[in-house]
Amino acid sequence: MPERLATIDVGTNTVLLLVAERRGRTFVPLAERAEITRLGRGVDATGRLDPAAIADTVAAVAAFAREARSLGVERIACVATSAARDATNGEAFFAAARAGAGVDPEVISGDEEARLVWTSAWRDFGFTPDTTQPSEGQLAVLDVGGGSTEFTFGSGAEPSGRTSLQVGAVRLTERHLRHDPVTRGEAARLLAAAREAVRPLQGMAAGGATPGSRLVGVAGTVTTLSAVEQALTHYDAGRVHGATLSLPGVERLWDRLAALTVKERAALPGMEPKRADVILAGCAIVLEAMRATGFDRLTVSDRGVRWGLLYDRAGA
């Protein structure tokens, strides 16, 4: 049997699984799963992981590990990001994962998270179509997570620069939103907070004004915005991966989402219901990051840490 590998990405909001089979120089996905467990609920305020969040997340990791093993996987690489590295009781999650799932998660830094996301995006979007030649201009990658946002840029297999910001969709929601629907003042404060948080991105990369430069957006906020814009009745990775979000399109999504209640957002075609309460904050980060970096278009990636981790651990 060809070699099969599995990676699990435990984020602040979502747990993601990838099972892939090596076929020559490429990997073919056999299973991809996502479960919103919100491991990072309340971490921004308390500094600690909630016991219920730990239990929900371990249950998801255990189910994913069972599926991977049923597909013949012997090696499962599992990493945990913002919530696990920020919490003072992160070891409680790691111990529970070892005991309940037979998986030993590795906490990674924001810098390493950015590098793994870059590895995934570069393989998908760093080359001229149908060639092995790097594209002209810089590639920039924006990864909006639940607890942190990573930005990476460069023009080669290794990024020229990267940074991790302590702002994400869950963190920003918990800090600034109290009403449903949000008030006009809350919406303005949310945008202002996002704008201030992404200020370090100004001038980091060549930006959208440079010919050939391209911005790629990664993770659930960006894929959800694309699915909602396309009004997908069922999530279709084939229609989301490689799709484009324009700056005016993101602005229209912001206005639309800000006018709705959480329940109304959850009912939108393309919306993952469990993401409806944090999508507005995620949209604010995407919007202000595009403005800060000067890009008027964003290419959507349905991949990210789990794919970068696969390439990294497989030596690809």
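Could you please find all residues in segment 180-237 being farther than 15 Å from Leu287 by Cα, within 20 Å of the chain's Cα centre (by Cα) and at pLDDT 95 or above?
Answer for segment 180-237, where residues must be farther than 15 Å from Leu287 by Cα, within 20 Å of the chain's Cα centre (by Cα) and at pLDDT 95 or above: Ala227, Val228, Gln230, Leu232.
With among the aliphatic types (A, V, I, L, M) and either surrounded by 23 or more Cβ atoms within 10 Å (Cβ to Cβ) or within 21 Å of the chain's Cα centre (by Cα) (or both) as the only criterion, which of Ala96, Ala45, Ala80, Ala101 stands out?
Ala80
Go through (1) at pLDDT below 95; (2) assigned to a helix (DSSP H, G or I) for Arg303 and report which single condition fails.
Just one mismatch for Arg303, condition (2).
Go through (1) crowded, with 16+ Cβ neighbours inside 10 Å; (2) of a type in the set (D, E, K, R); (3) in a helix (DSSP H, G or I) for Asp277 and report which single condition fails.
(3)
Of the residues Val73, Val58, only one is in a loop (DSSP other than H, G, I, E, B) and touching a residue at least 12 places away in the same chain (Cβ under 8 Å); which?
Val73
Of all residues in segment 241-265, which are small (Gly, Ala, Ser) and more than 19 Å from the chain's Cα centre (by Cα)?
Within segment 241-265, Gly249, Ala258, Ala259 qualify.
If you go through segment 257-269 one residue at a time, how many are surrounded by fewer than 16 Cβ atoms within 10 Å (Cβ to Cβ) and either touching a Gly at 6+ places or on another chain (Cβ under 7 Å) or not in a loop (DSSP other than H, G, I, E, B) (or both)?
Total satisfying the criteria: 2.
Pairs needed: first member in segment 193-205, over 13 Å from Glu150 (Cβ atoms); second member anywhere, of a type in the set (Asp, Glu) and crowded, with 21+ Cβ neighbours inside 10 Å; C-beta distance under 7 Å; at least 6 residues apart or different chains.
Listed by first residue and then by second, the contacts come to Ala194/Glu288; Arg195/Glu288.
Inspect all residues belonging to segment 225-248 and state whether any of them is small (Gly, Ala, Ser), under 18 Å from Ala187 (Cβ atoms) and either buried (at least 16 other Cβ atoms within 10 Å of the Cβ) or assigned by TED's automatic domain parsing to the domain that holds Pro200 (or both).
No, every residue in segment 225-248 fails to be small (Gly, Ala, Ser), under 18 Å from Ala187 (Cβ atoms) and either buried (at least 16 other Cβ atoms within 10 Å of the Cβ) or assigned by TED's automatic domain parsing to the domain that holds Pro200 (or both).
Given the conditions (1) crowded, with 23+ Cβ neighbours inside 10 Å; (2) more than 21 Å from His176 (Cα to Cα); (3) not polar (S, T, N, Q), report the number of the one that Gly40 does not fulfil.
(2)
I'd like the residue in segment 155-186 that is in contact with a Pro (Cβ under 9 Å, 6 or more places away or on another chain) and not in a loop (DSSP other than H, G, I, E, B) and, out of all such residues, is surrounded by the fewest Cβ atoms within 10 Å (Cβ to Cβ).
Thr163
The values are calculated or read from the model by the stated rules, or taken from the named source; none is laboratory data. Worth saying up front: this structure is predicted, and the values here are computed from it rather than measured. Please note: Cβ atoms are built from the backbone with ideal geometry, for glycine as well, and neighbour counts cover all protein chains shown.
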